[in-house]
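The structure appears right after this line, and notes come after that.
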There are 4 protein chains.
Amino acid sequence: MTHPVAVLGASGYTGAELVRLIATHPGLRIAALSADRKAGQAMAEVFPFLGHLDLPALVRIEDIRFGDIGLCFCALPHGTTQEVVAALPRDLRIVDLSADFRLSDPADYERWYGKPHAAPELQAEAVYGLTEFYRAEIAAARLVAGTGCNAAAGQYALRPLLAAGVIDPDTIVIDLKAGVSGAGRALKENLLHAELSEGTQAYGYGGTHRHLGEFDQEFSKVAGRPVRVRFTPHLLPMNRGILATVHVDGDPAEIHRTLAGAYAGEPFLRVLPFGRLPSTRDVRGSNFCHLGVAGDRLPGRAVVVSVIDNLTKGSSGQAIQNANLMLGQPETAGLMLAPMFP
Amino acid sequence: MTHPVAVLGASGYTGAELVRLIATHPGLRIAALSADRKAGQAMAEVFPFLGHLDLPALVRIEDIRFGDIGLCFCALPHGTTQEVVAALPRDLRIVDLSADFRLSDPADYERWYGKPHAAPELQAEAVYGLTEFYRAEIAAARLVAGTGCNAAAGQYALRPLLAAGVIDPDTIVIDLKAGVSGAGRALKENLLHAELSEGTQAYGYGGTHRHLGEFDQEFSKVAGRPVRVRFTPHLLPMNRGILATVHVDGDPAEIHRTLAGAYAGEPFLRVLPFGRLPSTRDVRGSNFCHLGVAGDRLPGRAVVVSVIDNLTKGSSGQAIQNANLMLGQPETAGLMLAPMFP
Amino acid sequence: MTHPVAVLGASGYTGAELVRLIATHPGLRIAALSADRKAGQAMAEVFPFLGHLDLPALVRIEDIRFGDIGLCFCALPHGTTQEVVAALPRDLRIVDLSADFRLSDPADYERWYGKPHAAPELQAEAVYGLTEFYRAEIAAARLVAGTGCNAAAGQYALRPLLAAGVIDPDTIVIDLKAGVSGAGRALKENLLHAELSEGTQAYGYGGTHRHLGEFDQEFSKVAGRPVRVRFTPHLLPMNRGILATVHVDGDPAEIHRTLAGAYAGEPFLRVLPFGRLPSTRDVRGSNFCHLGVAGDRLPGRAVVVSVIDNLTKGSSGQAIQNANLMLGQPETAGLMLAPMFP
Amino acid sequence: MTHPVAVLGASGYTGAELVRLIATHPGLRIAALSADRKAGQAMAEVFPFLGHLDLPALVRIEDIRFGDIGLCFCALPHGTTQEVVAALPRDLRIVDLSADFRLSDPADYERWYGKPHAAPELQAEAVYGLTEFYRAEIAAARLVAGTGCNAAAGQYALRPLLAAGVIDPDTIVIDLKAGVSGAGRALKENLLHAELSEGTQAYGYGGTHRHLGEFDQEFSKVAGRPVRVRFTPHLLPMNRGILATVHVDGDPAEIHRTLAGAYAGEPFLRVLPFGRLPSTRDVRGSNFCHLGVAGDRLPGRAVVVSVIDNLTKGSSGQAIQNANLMLGQPETAGLMLAPMFP
């Protein structure tokens, strides 16, 4: 059976990535695409790479007939999303890719996003969308909140380790490297080719990056006690990919064993042999996450590295994985595309 | 029905691209992979991006049982290919990706490749693999010779125009821009990141590039008279993509009309509206070819631009498209993957 | 003697490049920097790479005391420049980097820039700044108009050939490849890293690019008859560099001899041995122009390639070269910095 | 006065960078260039970007008349260097860029480089070349050992902090990001454009990177007790630049104050205002090092970031800075070239 879906915010990178993936998904069909400022345009004008597809024209959200829609992907900017979602039909299944429903505690939301939440009842309802750890809740959910892409990369490296108690929760350092598409199609000086290529720098440092809210919420839940990691992301001259280098205190072999065991049956998570660390190039354009563990010359120290494609496993691929669960489809449907290399 | 196929030369970029595409192809299944110098290794060691697939280990060609194989992709280097193919079972269907069988005239082969052909009877048998123009021959062929990637890009821009006689065949200039993966995984100084990135230069200029042999053969056939184009390729700091800028004398509107008419029913060839020229970013990783035509301030002058991904439509995607025809499958089977952008 | 100079429009790439070059110039000293929207800021805030220099703060143009200034570089946007220059002191030497004074004929200006010139008397006074061909005029000039960067690359390849009559003036095709810094620090979608990297496309095609006005003016002057070239520029995923591939009809050896002879004594122009074509990587960050000539298998056809750094020889380096002449300094002063490779 | 110098190993990137910098150095003149395998070639053939310079041809080391040489830069591979240097005249001043003389303890050398040192008496004589911390020793030295590029970046961030005791020496994590030119002009698969661009990964991890030998030696000396840092370098898709992100325990404000104080008079070291972290793009091609300090939401935690150009401040620029001291020239002579941006 093919489910008709809508993509709200189809003119951004995550919206386009949703369409790219749905294009060869056997169980989903795009029934509506919205982009307020580009309403009336064809998707092929906004994204010529999708020109081979027979897609509905971009419309404004209010012009979508949601009665025909089985599930709605919401790829709108943070902040406005909560208002839009609040106005959608109450029986519509929604996978949100914004940051608006990731934090379940209203106080946390206000702290990290600087203003009270406009739809706290939806915030309470939303299920956190890190698929591998919330399968049952997601399958039963009406509203799923996609995770931050950096937050996903960090959690894949750390959740089983915190759950098993094999690392010191108080000395975790996440040093993350991110491609530029994670910043979206925004016109900002630091995203220009001439500014970014051939250079790198940290951003969102100093304990200010909003994905820390997700780390705090989830890691504390997993560990059963407050966990506060140190997190410094860096912007790299590449388009896709996140590499999270996580410096931890713990026994390297035990860490590797724990990770490998936790992910043994996972279709998208691959733990490399001990001592091998992964590269972002090997997951580009795919829903896979590769992980590796290496020891150090210093006993009791280890490095855990996880890599994902921020637009796929970190965002739109994850969203489809969640949609598959919500619609009773195979979890991997449409998502087994091989990475693209070189 | 799923056909078991072999990929000879699986440790190069075109071999890996074949595996990438076959991974989600509904009618093909990889039964054997060869790589002489890496025999015994797992494909995931040579190409970690394919690590999620359950693939046979790399073996030497002589260790493949061809009785179990329905079709063989041959992605070996130029020169050795003709000897390998000559030694394969006579009833084995073969799609070759090398240059060895592209030229049908032994004298042409010797002229462009500098030595006599070692298997002239196979050379005579081989069908030129530019799918859209040789469908019937390919469907009936045992041995199909994949085109040069640059040669494909140039022919998509020019064949209908030469056939229709709407351009001057004696003043054609093909100025081509190519990504680096077309040069393969060879260890050459000019392919190093530090040498190539942030720079561009011409290569194979001066009427020496071997794809000129294909241009001469095919364009003369189409035009019904000798055609000798000028062709200067350039190496660009990007991994995938070919953009052929073809400068021609002819009426721009008529040229656009001719191209659009010729490709109206083609699943992989898209002619943009008149006056719009395509970008390589919009076909990356896909089997599509986008084409555009623009006029000039000078009457009777036009620019035709075609873009393809050299590894896909220019090589491995084309090979699968041909294999589909040879095996009686839908021509587009496994090839409708959307391009990857950004 | 050290001359105090002002840079108007110091917050753009050409302004920054002027400061970079003047920083180690023995005869120039930066006395004033303007940037209207960023007035009050330190240059190191706008361009941290210049943070080691002791520079005056950015001010508005009206706050500069031009009595203290020996020469003024004007790196302002096209269009507004003519009004600014008209308001500057009449005895101030000016090297303009915009397009406003490149065309000497008011009708030409209006045709290519879509509106009448606001300061036609200055337009008549301005000297075209392609140094090697206008030395005497530049040395005596008050107002010098820097050339377009693409226009410079094309002219270095073609002027001696048109002057000597060794090529057919009616069949010239300039296929140009340009790095992104030529587009300036503007916030445009197609200049984003995620849009531009790993891809290429034509721009300003169809006989519409404004540098055609310069080509027409200069080539016709040199040839002594109207010359109208075909010109298609392409945007490449690199920051600096222009490579102009010029396809011409003429004898390759004679073309090479003519170019090599014309540039024999030039400090910044290097003609490679016959049959070798240059790379942009070899002039990056420098004021050098490398040129090469290759023949074709077709007799009477040749390719001439010139490469420059668009920001240096194509703009700010050229401006300083002209300033050197105007101030009676050695022409090469401050400009012999070696290119940066890799 | 101009000193004649030799560059041994001129066909690699650090050799070429030496020539680039010496080209505009007022006190140095290149008298000899060696490159064994390319002896007899012109430097312009090996590095066309240096084609504007009047340079001696490449020769073999044994063909250099060292009596005419005032100082010798040795940019040869690790391992062979110690034998070459041992055979040079005993009164020749030498700045070595290899790893052979960085570690003063023979046991340390054997541990990190896997074999006994072939010239232990020279090892004892050599002065460690981190200029700002060994000025007097370098000025008096005959043989100076250039530091590792990664080692330099890490030490600029940490030495003053360890000396002042404002950070915990036992919890230091150095997460480093490096451009590809640091790996040299070697033909390795992972250095190919198609492999490296658009991707990132760790290398030399697990406490195995040889620059750890330098960190151990120097940090222990500075701290007056053994210091063993954790160090994970990453290869980035860019040509030049190192960014060292150093995660430390200590008071951020005190750390910033300490660094800023230590480097207040340094011509090449710039500490940004508190809370600002630097970018590699802002030191590209220059001898500058930018440093920044940011706090964390967790009290007592800080991030220190240092950026350098690996080929300049990390290698060839440092070498010239040391040569300046050894020859009694101003330390900054020839090294005040502004970075190149964009």
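Observations
- A:Pro160 vs. criteria part of a loop (DSSP other than H, G, I, E, B) and either surrounded by fewer than 23 Cβ atoms within 10 Å (Cβ to Cβ) or not assigned by TED's automatic domain parsing to the domain that holds A:Phe101 (or both): no
- Screening the candidates A:Gly265, A:Gly241, A:Gly275 for the property of being surrounded by fewer than 24 Cβ atoms within 10 Å (Cβ to Cβ) and facing chain D (nearest Cβ under 10 Å) yields one hit, A:Gly275.
- Considering each residue of the range C:295-306 in turn, none proves to be in contact (Cβ under 8 Å) with a residue 12 or more places away in the chain, under 27 Å from C:Pro26 (Cα atoms) and buried (at least 24 other Cβ atoms within 10 Å of the Cβ).
- Tally, over the range B:251-283, of residues that are β-branched (Val, Ile, Thr) and not in a helix (DSSP H, G or I): 2
- When C:Gly241, C:Gly275, C:Gly334, C:Gly295 are checked against the criterion of being at positive phi and more than 21 Å from the chain's Cα centre (by Cα), a single residue qualifies: C:Gly275.
- Some residue of the range D:129-136 being in contact (Cβ under 8 Å) with a residue 40 or more places away in the chain and not in a helix (DSSP H, G or I): yes
- From the options B:Leu21, B:Leu71, residue that is out of contact with any Pro (no Cβ under 7 Å at 6 or more places or on another chain) and away from every other protein chain (no Cβ under 14 Å): B:Leu71
Here is a yes/no grid of residues against (1) closer than 30 Å to B:Val248 by Cβ; (2) assigned by TED's automatic domain parsing to the domain that holds C:Ala75; (3) touching a strand residue (DSSP E or B) at 6+ places or on another chain (Cβ under 6 Å):
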{"site": "C:Asn239", "(1), (2), (3)": "no, no, no"}
{"site": "C:Ala253", "(1), (2), (3)": "yes, no, no"}
{"site": "C:Ala264", "(1), (2), (3)": "no, no, no"}
{"site": "C:Cys289", "(1), (2), (3)": "yes, no, yes"}
{"site": "C:Val303", "(1), (2), (3)": "yes, no, yes"}
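- Residue within the range C:165-172 that is in contact with a helix residue (DSSP H, G or I) (Cβ under 8 Å, 6 or more places away or on another chain), hydrophobic (A, V, I, L, M, F, W, C) and within 13 Å of chain B (Cβ to nearest Cβ) present: yes
- Checking the stated criteria, C:Met336 turns out to be assigned to a loop (DSSP other than H, G, I, E, B), closer than 25 Å to C:Gly9 by Cα and within 13 Å of another protein chain (Cβ to nearest Cβ).
- Subset of the range C:283-292 (residues that are more than 8 Å from chain B (Cβ to nearest Cβ) and under 22 Å from B:Leu236 (Cβ atoms)): C:Val283, C:Gly285, C:Ser286, C:Phe288, C:Cys289, C:His290, C:Leu291, C:Gly292
- Qualifying residue in the range D:119-127 (condition: farther than 19 Å from D:Pro89 by Cα and part of a loop (DSSP other than H, G, I, E, B)): no
- Residues of the range B:244-261 satisfying the condition of being touching an Asp or Glu at 6+ places or on another chain (Cβ under 9 Å) and touching a residue at least 60 places away in the same chain (Cβ under 8 Å): B:Ala244, B:Thr245, B:Val246, B:His247, B:Val248, B:Asp249, B:Gly250
- Selection from the range A:178-227 of residues that are closer than 19 Å to D:Gln201 by Cα, assigned to a loop (DSSP other than H, G, I, E, B) and either more than 9 Å from every other protein chain (Cβ to nearest Cβ) or in contact (Cβ under 8 Å) with a residue 60 or more places away in the chain (or both): A:Gly179
- In the set (1) surrounded by 24 or more Cβ atoms within 10 Å (Cβ to Cβ); (2) farther than 30 Å from B:Ile172 by Cα, the condition left unmet by C:Glu137 is number (1).
- Exactly one residue out of A:Gly295, A:Gly285, A:Gly334, A:Gly314 is touching a Gly at 6+ places or on another chain (Cβ under 8 Å) and farther than 29 Å from B:Gly334 by Cα, and it is A:Gly295.
- No other residue among B:Leu53, B:Leu18 is within 16 Å of B:Ala6 (Cβ to Cβ) and in contact with a Phe, Trp or Tyr (Cβ under 7 Å, 6 or more places away or on another chain) apart from B:Leu18.
- From A:Phe66, A:Phe49, residue being touching an Asp or Glu at 6+ places or on another chain (Cβ under 7 Å) and outside the structural domain of A:Asn239 (by TED's automatic domain parsing): A:Phe49
- Test: residue in the range C:231-238 that is away from chain B (no Cβ under 14 Å) and either surrounded by fewer than 21 Cβ atoms within 10 Å (Cβ to Cβ) or modelled with pLDDT of 95 or more (or both): no
- Hey, D:Gly179 under 30 Å from D:Arg257 (Cα atoms) and not assigned by TED's automatic domain parsing to the domain that holds D:Val19 or not: yes
- Checking each residue in the range D:284-333 for being within 30 Å of A:Asp170 (Cα to Cα) and either in a helix (DSSP H, G or I) or of a type in the set (A, V, I, L, M) (or both) picks out D:Leu291, D:Val293, D:Ala294, D:Leu298, D:Ala302, D:Val303, D:Val304, D:Val305, D:Val307.
- Given (1) buried (at least 20 other Cβ atoms within 10 Å of the Cβ); (2) without any contact (Cβ under 8 Å) to a residue 40 or more places away in the chain, number of the condition B:Ala44 does not satisfy: (1)
- Every residue from the range C:226-279 that is closer than 20 Å to C:Thr208 by Cβ and among the β-branched types (Val, Ile, Thr): C:Val227, C:Val229, C:Thr232, C:Ile242, C:Thr245, C:Val246
- Scanning the range A:26-41 for residues that are buried (at least 22 other Cβ atoms within 10 Å of the Cβ) and either within 14 Å of chain B (Cβ to nearest Cβ) or closer than 24 Å to B:Arg284 by Cα (or both) yields A:Leu28, A:Leu33.
The values are calculated or read from the model by the stated rules, or taken from the named source; none is laboratory data. This is a predicted model, so every value here is computed, not measured. Neighbour counts are summed over all protein chains in view; Cβ atoms, including those assigned to glycine, are modelled from backbone coordinates with ideal geometry.
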